Amino acid sequence: MYTREQASQLRQAFWTAFGQYIAPHPSADGYKINWANYKTGLKHVYFRMQAEKKVASIGIEITHPDPEIQELFFEQFLELKSLLHEYVGEEWEWDLHTTNSEGKTISRIYKELPGVSVFNQNDWPALISFFKPRIIALDDFWSGAKYSFDELRD
């Protein structure tokens, strides 16, 4: 078992390693990008990569505090579902109005990798191999898809 500080240091070490590994890859628009802290440019829409004790996930989180507006964002992503799946090369899970770890209502579109741990450095290559192609595919998808959300901008 790790102390809270040790767990934090291991997580930080993983994300630093991931960042260094993917840093040479430019965004779909040709810019240098912070892949681990991806900015969609759209308030309340995030691309999240999470690595925990037993599972890793990557996905799109919609966090708008108004559930009806959150649903509008989700429906817009549903319009783009086949395009998203074409870019990522696989089917993802779609959850409208689920609860995150802080108890807030969010909507998620995501893919999980079970049986891996950020606390086991032997799993890091599998985690990087899981995250890298998917975040790059999300960026490629978002390069064109973001314009579909112009009417929903605050």
Consider Glu93 against the criteria (1) surrounded by 15 or more Cβ atoms within 10 Å (Cβ to Cβ); (2) under 13 Å from the mean Cα position of the chain (by Cα); (3) without any contact (Cβ under 8 Å) to a residue 60 or more places away in the chain: it satisfies all of them except one. Which criterion is unmet?
(1)
For a quick check of your reading of the model, give me the residue pairs whose first member lies in the stretch 131-154 and is under 15 Å from Leu83 (Cα atoms), whose second is surrounded by fewer than 13 Cβ atoms within 10 Å (Cβ to Cβ), with beta-carbon atoms closer than 6 Å and at least 6 apart or on different chains.
Ser143/Asp29
Ala126 vs. criteria modelled with pLDDT of 95 or more, closer than 24 Å to Ala13 by Cα, touching a strand residue (DSSP E or B) at 6+ places or on another chain (Cβ under 8 Å) and not in a strand (DSSP E or B):
yes
Quick one: in the stretch 51-85, which of the residues that are more than 18 Å from Pro133 (Cα to Cα) and among the aliphatic types (A, V, I, L, M) is nearest to the chain's Cα centre (by Cα)?
Ile62
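Being among the aromatic types (Phe, Trp, Tyr) and exposed (fewer than 13 other Cβ atoms within 10 Å of the Cβ) narrows it down to one residue among Tyr38, Tyr31; which is it?
Tyr31
The values are calculated or read from the model by the stated rules, or taken from the named source; none is laboratory data. What you see is a predicted model, and the numbers here were worked out from it, not measured in a lab. Don't worry about glycine lacking a Cβ; one is built from the backbone with ideal geometry, like all the others, and counts go over all protein chains shown.
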